[in-house]
Amino acid sequence: MNALTRILAGAVVALGAQSAMAQETFVTIGTGGQTGVYYVVGQSICKLVNRGSSEHNIKCTAPSTGGSIDNINAIKNGDRQMGVAQSDWQFHAYNGSSKFEGEKFDKLRAVFSVHGEPFTVVARADSGIETFDDLKGKRVNIGNPGSGQRGTMEVLMNEKGWTLDDFALASELKAAEQASALADNKIDAMIYTVGHPAGSIQEATTTTDAKLVSVTGPEVDKLVSENPYYAMATIPGGMYKGNDEAVETFGVKATFVSSADVPDEVIYQVVKAVFDNFDRFKKLHPAFENLTEEQMIKDGLSAPLHPGAERYYKERGWL
């Protein structure tokens, strides 16, 4: 090959690379209800990705969705490229356990974890509910099918030997609908697996007299000791109106997941957008302000790391 041919060949390769980069890549991040922190996670990641669109040609959207299980199933089906999911549902999807029994999603990949999510029970002050066990015989919103909160509620109910018949009403409202139902006295209590402070719980505690209820006891201790994706959690006092005391419960991590089918370069650019702008990211929601890079690349992650994420973490010397 003479010098001129080499130059021409190089130019063709460069043009090919440019045209590949010139093609816009559209990605969708699954979130949750609009009043929850998952929605803010997705919107925040997209905001940072879209700031660099002129360089990497990736355009990102983060619509409101049904939550953790819905997001994982949509990633599995190729309808979404990424999504937010509770750490327990990441574990079950990858291992084919619990709701994913017989439907193991072995292409599920972890990208990073985000904030901790305590399992939170909010009850009307006039309901007579002081502990989790007092929910028996009451009108309780257990969450919409497909949401992580519903899944965790069912796990705890199963541990206690409860069924839906143990409630006077087991409503299936979405996260964004439950605070108004509590204020309108349509339900006595609502449950939510969520990062704090959460808009839905702020709404519930400011529109009616409502209190956060502790979730403790031998069944909770057993779940935490037997499952690596659960941990004891404390919701600080003073975060919500009329709730000055800290409340003990258990919880999971919010995690950001994808599929092995999503190109490494796409995940690399998404991860880079977040961690190259980490201080900016942490300011986008109060639940993010104590996050550390070290925790985010290991806590709550049970599926293998996506190679695109791994590449970025190695470049930064974190792995």
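In table form, for the structure just shown:
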{"item": "Filtered residues of segment 74-104 (kept if assigned to a loop (DSSP other than H, G, I, E, B) and crowded, with 19+ Cβ neighbours inside 10 Å)", "result": "80, 81"}
{"item": "Residue match in segment 292-300 (condition: out of contact with any Pro (no Cβ under 6 Å at 6 or more places or on another chain), over 20 Å from residue 31 (Cα atoms) and among the basic types (Lys, Arg))", "result": "yes"}
{"item": "Subset tally (residues that are at pLDDT below 95 and either part of a helix (DSSP H, G or I) or surrounded by fewer than 16 Cβ atoms within 10 Å (Cβ to Cβ) (or both)) for segment 8-37", "result": "18"}
{"item": "Identity of the residue in segment 105-126, open to solvent by 10 Å² or more (accessible area, probe 1.4 Å) and small (Gly, Ala, Ser), that ends up modelled with the lowest pLDDT", "result": "116"}
{"item": "All positions within segment 234-265 that are open to solvent by less than 20 Å² (accessible area, probe 1.4 Å) and within 19 Å of residue 301 (Cβ to Cβ)", "result": "250, 251, 252, 254, 255, 256, 257, 258, 259, 262"}
{"item": "Boolean, residue 275 is modelled with pLDDT under 95, surrounded by 18 or more Cβ atoms within 10 Å (Cβ to Cβ) and touching a Lys or Arg at 6+ places or on another chain (Cβ under 8 Å)", "result": "no"}
{"item": "Unique residue being among the aliphatic types (A, V, I, L, M) and part of a loop (DSSP other than H, G, I, E, B) when the list is 274, 270, 262", "result": "262"}
{"item": "Extreme residue, nearest to residue 235 (Cα to Cα), among residues of segment 117-161 that are among the hydroxyl-bearing types (Ser, Thr, Tyr) and in a helix (DSSP H, G or I)", "result": "152"}
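The values are calculated or read from the model by the stated rules, or taken from the named source; none is laboratory data. Since this is a predicted model, take the numbers as computed values, not measurements. Don't worry about glycine lacking a Cβ; one is built from the backbone with ideal geometry, like all the others, and counts go over all protein chains shown. The accessibility values were calculated without ligands, DNA or RNA, using every heavy atom of the protein model including side chains. Shrake-Rupley method; radii C 1.70, N 1.55, O 1.52, S 1.80 Å.
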